[in-house]
Amino acid sequence: MDLMPDIEIARLVDGFMRRIHASLHAKAATFDRHCVGPGGGILLLTLAEIEPAPIQDLVRRMSRDKSQMTRAIQSLERKGLIERRDLPEDARVSLLALTPMGQEAVDMLQKAVAGVLADILSPLSNGEQETLKDLLRRI
């Protein structure tokens with residue numbers, strides 16, 4: 001049996017994501033010290049989850065074009081936030097990893113996202129927030 005997509009869920013999730021994005025944009029000056037922007041921030045957060053990682057893994061995880069990712073990676077390398085390491089078994093493959101400065105940027109990004117979410121979720125009780133966390137883990 002095919003289920004029809006729930007338009008209300010789509011609308012609510014879209015509004016939630018836009019509210020997060022707008023709040024982070026408004027506060028960017030307080031945490032985006034390296035001027036990486038939203039795309040660079042997402043790349044750093046993704047790399048933090050899977051590092052060290054080949055570029056192909058980031059491309060797949062972020063659903064971006066390889067040339068677009070290459071430019072973003074080069075920008076973050078120039079800023080000293082990520083570095084390439086050769087794969088010992090195959091010199092043709094390089095792995096990307098956060099530098100110590102990149103890890104500091106990730107820590108600041110995570111705190112900023114957590115702060116924005118705390119503000120957005122403040123109307124929910126602690127129990128409701130725990131339920132939301134459980135539901136998000138499941139999906």
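Bear in mind these aren't lab numbers, they're just calculated from the coordinates by the rules spelled out. Quick caveat, the model's predicted, so the values are computed rather than measured. Neighbour counts run over all protein chains shown; Cβ positions are idealised from the backbone, glycine included.
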Binned Cα-Cα distance frequencies in the chain - 5 Å width, integer %: 2, 9, 15, 17, 17, 15, 11, 8, 4, 2, 0
If each DSSP helix of 4+ residues adds -39,500 (n - 2.57) and the sum is divided by the residues in the chain, what number results at 222 nm, nearest 500 deg cm²/dmol? -22500 deg cm²/dmol
So, over other residues within a Cβ distance under 15 Å of Leu45, counting Lys, Arg +1 and Asp, Glu -1, the net charge is -3
Ranked by Cβ crowding within 10 angstrom, fewest neighbours first, how are Arg64, Arg18 ordered? Arg18, Arg64
Could you tell me which GluC sites (Glu not before Pro) in region 27-96 are loop residues by DSSP with no more than 12 other beta carbons within 10 angstrom of their beta carbon? Glu89
Please list, or write none, the lysines whose alpha carbon is within less than 26 Å of the alpha carbon of Lys27, excluding same-chain residues fewer than 8 places away. Lys79, Lys111, Lys133
Counting only C-alpha contacts under 8 Å and six or more residues apart, can you give the relative contact order of the chain as a whole percent? 26 percent
Need one number: the % of Cα-Cα pairs in region 39-94 sitting beyond the 13 Å mark. 58 percent
Any aspartates and glutamates with Cα under 12 Å of the Lys66 Cα? List them, leaving off those in the same chain fewer than 8 positions away. Asp57
Sorted by Cβ neighbour density within 10 Å, fewest at the top, the residues Val13, Val106: Val13, Val106
